[in-house]
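Colleague: First the structure, then my questions, so here it is.
The values are calculated or read from the model by the stated rules, or taken from the named source; none is laboratory data. From a predicted model like this one, the values you see are computed outputs, not experimental measurements. With ideal geometry, Cβ positions are generated from the backbone for all residues, glycine too; neighbour counts draw on all protein chains shown.
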Amino acid sequence: MELKHDWKTFNSVLFPQDQFVVGVDRAHQKLVLLEEGQQIVDGIVSNGAYFSDVGIDSKEMNKDRLDSFASKYGVDQTIIIGRKDLDQVITDSVELGNNYFQQLELIRGKTQEFFSGKAPASKKRAELMVSRRHFVIELFAGSLSKFLPRSFNLLIFIDTTGSGEPFQSQSLLLSFSQGRIDQFFEPDYSSLHENRLEQWGQSGDIIGEYLESRYILPCYGLFFLQEQWNQMLAAAAKNQNPWTLFTKYCDEGSASVYPQSTLIKSLLASQRLLGYFGRF
Amino acid sequence: MDVDFKQFRSTTKQMTESFATDKLKDKEDFAQSFHVLLNYWEIKPAQYEAKLHELALKDVRVVCAFVPWSHVETDIYHSLKKFIRAAYTVRLKVKLYVMPELGVNYPNCGVPRELLQSNANLAVGRRGQVIYNYAAPNIFALPSFFSPDVVKRFGNYLIKFGSILAEVFHELGNSDFCEIIVSNTFFNYYRNYGLKAHEHGDYSAAHVMSFREFLDREYPGGSGEPFKMQVYEPLNRHRFFSHVEKTLREKTEMIFSRKNSQCALRHMDLVNPECSPDMGYQSLMVELFDFKPSAQRFYDAIVAAGDRGEKIFINGSGIFRRFSDQEKCFLIMASLIHTGEVIIPHEEVERLPVAFQKKFSDLSRVLKNQSYIPHRRLVYLSVSKFAMDQRCYGALSKMAPGVVSISTAISSEASDSARHYSDTATGSQTSEHTREAMRFHKRLIFVDPKSVLRMIDLVQLLSLAQSGKVVAIPAPYGKLSNYLPDALNHIDKLRKIKKPLKINLGVAYEVYEYQLGFVVIYDSTSFWDATVKSTDVEAAGTGLPLFFQALLGLAEIRSVCQVNDPRIHVVSYVSESDSQNRLLFLVNSACEEVNAKLQFSETVGLASIPLQGTDGKASECIVGKSFELAVPPLGVLSMQLRDPDLNLSREEGTALPWN
């Protein structure tokens, strides 16, 4: 049976394990405290440290006290969230059904309005809450969504074959609807000849057309090798532009995109220009 | 139908025997180092055999699979049947977990969506709030097994599941390769964060009527009315929750017995640490803010599960994936040591370092081959795993760390005593509680002070004392009845016939010699007395520590060793076949190395555990009373304890310093 919200595949493709290595740099570390009835009922530290101050009084949580917490746990900042507010948002999120990604997005968005404690400027406040960002989602659900159909599928196809090993791949199909991820799952290739997947470099069109007929939605596809995908993720983590890399791989012929429409060609061309001028 | 199965069995007996001897050792029928989990619904049926072959090539002999409830209901591709067939073809054994569990990678963990749309079907906490699951695969409200709709639909699912199994076994002519596991499902998770353990439970509206009926059955007639008072409410509710959980398990077992009498069935308590009530917000906030989870927090949940006798299920799609390799290895090893069993998705197993896989396999093999069991010598008996008096349980756990295990009371109805969990391996027909407590190494059975004892409870407790145990039971309380009338008569008779040794060490108690063991009747006044509110036992001056010290002394229970650093957890195992054969594990859940000083009460020999490739040869043994050992961060030091008199060689001036 095909899962429509396959959280495991979603994370293993978009957020593989390597990205969770937490640096020693304190600058981006945070401590989030959960408060209820003037008591801290739980806390979580971004660097994985053990929170041992459950039950402390939160009545006089001034700047100095928050800073002392931050020092104790080796973080840059302490944030407080009210438990009741969080619970209310969690209850609201249940209505989104099985879409854990949307549930987390909703809760994440709403908690920004609730937390108290250090009160930075509103612009900086948004930066404090780490969001589940990914360059693929940002592009297709963000700036590009105006040019794309209201509902479409995006295939991320990664050739994971190791040297000397038989062909292996990993795929994730993201179903977008009105600029939001509606479904995420591993696509069903059962009616597709297995050679098509193995020769994905030449068969990108066939795979894309197959998925369009299978899922009755326009489909876009990104095809790369595992190491290319890893490099793109690493570039994104360093705030570099991963799409420049993707363009380079496409030009080398080791990655491909579906369909080769005018829009996609324009985007690739613009990335080439950005990459060219970026050298100066 | 049963006759046909038996005939089938005789004709396929040869095949079964050949299968068993070719592929499995006697003791390892369903055991292997890792309990490898495969989510069969994530794979196309046509790929089952290929995938299982792949696992078989990696030395997997038993594959585990959860069976999502709504998947069975809607499975038009007959995936489950094909999966079982494929496992049989590939000659793998299969363990099927039939109850819904949190963390399974299926929408709502397999619970049908329609059931969750009605508030009447949802579980509610002590304070009237719906109980949610926050961890992957998605946030949803837990269903209540008190709801008639839920129970009815669940029953239909079990019947359908049983039919599927019956068809497959009939077709294959064999069911020996399959084992059904009945676990405690959502009952472990019925608590909102922040509520105390004794407030654990599903307090939904649907349970009220059933609870009233239960009370009427439990305490019939006029003599039972006092036991329905408010003061007994927490105890009665926990007893009721345990009863409902047990009834659900028994009904599940009955359905499979009817449909599939030859299939092995086992009961087990299972927990997914990241879904446990105390970890709820941790799991959510880790995902929300993209944080690193706390390995120590996860480890605390594993330790608590071990104390409650639960096995660990690690979810591949939850926060566990965010741990580093070192942390994952540590948590998996800790799960094995504290609980004896850990279920891991096959993708996680494949990602583990090869060296760790070998070490884990070797240790598992040693534990199985020499029948090592956790050396938990003290059984804390209460009506449910969450109903313990915290002062009492906390004090005992502190004084006897790592040796306390929690056990729930015997079933409430006299007729239930005839329905036991059957042990298919040994063929014995004793209750799980009695069988567990009767293990030779369980020396002390301590009954929670706020218990209401029935005749059946008392008789079983006295039989345990008869067999050589020390059984501590609360004395009849003057102001309130904590014994049912027949039990009260029985205990009074015992107290009149036997002459006790009366002692008062802050807590008054009487020690009765009872055949091979002892019965200790202790004054439970301070526990029932509502004015005693302090949770700090020593500050309250109740004398509990002295009393427990005396009890532990009477039962000859003492810590294996003293450790100078509280960050180190000491876990000991003993061999069922040889009580002198013991293993010791020092577990460090901190992120820095800890220099632990071990102090033993007598001279012992420490040696490394004989692993595969050493041909069981004894390694060098270091003899002494105290040792200094460096336990690595997120590490486990394992060693064998030996009697120095039987020591094979004594090394002088070895690398490990001792006093």
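Colleague: Testing B:Ser276 on (1) more than 9 Å from every other protein chain (Cβ to nearest Cβ); (2) of a type outside the set (A, V, I, L, M, F, W, C); (3) surrounded by fewer than 24 Cβ atoms within 10 Å (Cβ to Cβ); (4) within 22 Å of B:Thr408 (Cα to Cα), one condition comes back false. Which one is that?
Modeller: (3)
Colleague: I've got another one for you. Out of A:Ile40, A:Ile44, which single residue is in contact with a strand residue (DSSP E or B) (Cβ under 6 Å, 6 or more places away or on another chain) and more than 8 Å from chain B (Cβ to nearest Cβ)?
Modeller: Details: A:Ile44 fails: more than 8 Å from chain B (Cβ to nearest Cβ).
Matching residue, one of A:Ile40, A:Ile44: A:Ile40.
Colleague: Being among the acidic types (Asp, Glu) and surrounded by 22 or more Cβ atoms within 10 Å (Cβ to Cβ) narrows it down to one residue among B:Glu341, B:Glu327; which is it? Walk me through it before giving the result.
Modeller: Working: B:Glu341 fails: surrounded by 22 or more Cβ atoms within 10 Å (Cβ to Cβ).
Going through B:Glu341, B:Glu327 in turn, the sole match is B:Glu327.
Colleague: On the basis of being part of a loop (DSSP other than H, G, I, E, B), facing another protein chain (nearest Cβ under 9 Å) and modelled with pLDDT of 85 or more, does A:Asn11 make the cut? Show your work before the answer.
Modeller: Details: part of a loop (DSSP other than H, G, I, E, B): no; facing another protein chain (nearest Cβ under 9 Å): yes; modelled with pLDDT of 85 or more: yes.
Judged against the criteria, A:Asn11 is not a match.
Colleague: Follow-up question, since we're still on this one. In the set A:Tyr210, A:Tyr220, which member is under 24 Å from the mean Cα position of the chain (by Cα), surrounded by 16 or more Cβ atoms within 10 Å (Cβ to Cβ) and either at pLDDT 90 or above or among the charged types (D, E, K, R) (or both)? Give the steps one after another, and end with the answer.
Modeller: Numbers: A:Tyr210 fails: under 24 Å from the mean Cα position of the chain (by Cα).
Of the residues listed, the single one that is under 24 Å from the mean Cα position of the chain (by Cα), surrounded by 16 or more Cβ atoms within 10 Å (Cβ to Cβ) and either at pLDDT 90 or above or among the charged types (D, E, K, R) (or both) is A:Tyr220.
Colleague: Moving on. Among the residues of region B:348-368, how many are more than 24 Å from B:Ser577 (Cα to Cα), touching a residue at least 12 places away in the same chain (Cβ under 8 Å) and among the β-branched types (Val, Ile, Thr)?
Modeller: Of the residues in region B:348-368, 1 are more than 24 Å from B:Ser577 (Cα to Cα), touching a residue at least 12 places away in the same chain (Cβ under 8 Å) and among the β-branched types (Val, Ile, Thr).
Colleague: Related question: Which residue, of B:Ser210, B:Ser242, is at negative phi, part of a helix (DSSP H, G or I) and in contact with a strand residue (DSSP E or B) (Cβ under 6 Å, 6 or more places away or on another chain)?
Modeller: On the way: B:Ser210 fails: in contact with a strand residue (DSSP E or B) (Cβ under 6 Å, 6 or more places away or on another chain).
Matching residue, one of B:Ser210, B:Ser242: B:Ser242.
Colleague: Mind listing whichever residues of region B:61-84 are more than 10 Å from every other protein chain (Cβ to nearest Cβ) and part of a helix (DSSP H, G or I)?
Modeller: Here is the first cut: in region B:61-84, the residues more than 10 Å from every other protein chain (Cβ to nearest Cβ) are B:61-67, B:69, B:72-73, B:78, B:80-84.
Within region B:61-84, B:Trp69, B:Val72, B:Glu73, B:Leu80, B:Lys81, B:Lys82, B:Phe83, B:Ile84 qualify.
Colleague: Within region B:28-49, restricting attention to residues that are away from chain A (no Cβ under 11 Å) and part of a helix (DSSP H, G or I), which residue is modelled with the lowest pLDDT?
Modeller: Of region B:28-49, the ones away from chain A (no Cβ under 11 Å) are B:28-38, B:48-49.
Still in the list and also part of a helix (DSSP H, G or I): B:28, B:48-49.
Working: B:Glu28: 44, B:Tyr48: 95, B:Glu49: 95.
By that ranking, first place goes to B:Glu28.
Colleague: Here is a follow-up. Need the failing condition index for B:Leu288 against (1) surrounded by fewer than 24 Cβ atoms within 10 Å (Cβ to Cβ); (2) within 14 Å of chain A (Cβ to nearest Cβ); (3) out of contact with any Pro (no Cβ under 7 Å at 6 or more places or on another chain); (4) without any contact (Cβ under 8 Å) to a residue 40 or more places away in the chain, just the number.
Modeller: Going through (1) surrounded by fewer than 24 Cβ atoms within 10 Å (Cβ to Cβ); (2) within 14 Å of chain A (Cβ to nearest Cβ); (3) out of contact with any Pro (no Cβ under 7 Å at 6 or more places or on another chain); (4) without any contact (Cβ under 8 Å) to a residue 40 or more places away in the chain one by one, B:Leu288 breaks only (1).
Colleague: In this structure, does B:Ala166 turn out to be surrounded by 19 or more Cβ atoms within 10 Å (Cβ to Cβ) and within 14 Å of chain A (Cβ to nearest Cβ)?
Modeller: Details: surrounded by 19 or more Cβ atoms within 10 Å (Cβ to Cβ): yes; within 14 Å of chain A (Cβ to nearest Cβ): no.
No.
Colleague: In addition: Considering only region B:293-317, state which residues are in a loop (DSSP other than H, G, I, E, B), within 9 Å of another protein chain (Cβ to nearest Cβ) and modelled with pLDDT of 90 or more.
Modeller: B:Pro293, B:Ser294, listed by residue number.
Colleague: Can you tell me which of (1) surrounded by fewer than 22 Cβ atoms within 10 Å (Cβ to Cβ); (2) modelled with pLDDT under 85 is the one B:Gly402 doesn't meet?
Modeller: (1)
Colleague: Take region B:102-131 and flag every residue that is facing chain A (nearest Cβ under 9 Å) and surrounded by fewer than 23 Cβ atoms within 10 Å (Cβ to Cβ). If you could, list the steps in order and put the result at the bottom.
Modeller: The initial filter retains those residues of region B:102-131 that are facing chain A (nearest Cβ under 9 Å), namely B:105-108, B:113, B:116, B:129-130.
Residues satisfying the conditions are B:Arg113, B:Leu116, B:Gln129, B:Val130.
Colleague: Between B:Leu195, B:Leu142, which is among the hydrophobic types (A, V, I, L, M, F, W, C), within 14 Å of another protein chain (Cβ to nearest Cβ), surrounded by fewer than 20 Cβ atoms within 10 Å (Cβ to Cβ) and under 22 Å from the mean Cα position of the chain (by Cα)? I'd like the intermediate steps shown before the answer.
Modeller: On the way: B:Leu142 fails: surrounded by fewer than 20 Cβ atoms within 10 Å (Cβ to Cβ).
Only one candidate qualifies: B:Leu195.
Colleague: Restricting the search to region A:152-194, which residues are within 17 Å of A:Leu139 (Cβ to Cβ) and of a type in the set (Ser, Thr, Tyr)?
Modeller: Within region A:152-194, A:Ser175, A:Ser177 meet the criteria.
Colleague: Those residues that are at the interface with another protein chain (Cβ under 8 Å from one of its Cβ atoms), in a helix (DSSP H, G or I) and either in contact with a Lys or Arg (Cβ under 7 Å, 6 or more places away or on another chain) or in contact (Cβ under 8 Å) with a residue 24 or more places away in the chain (or both), I need them from region A:87-108; list them, please.
Modeller: A:Tyr100, A:Leu104, A:Arg108
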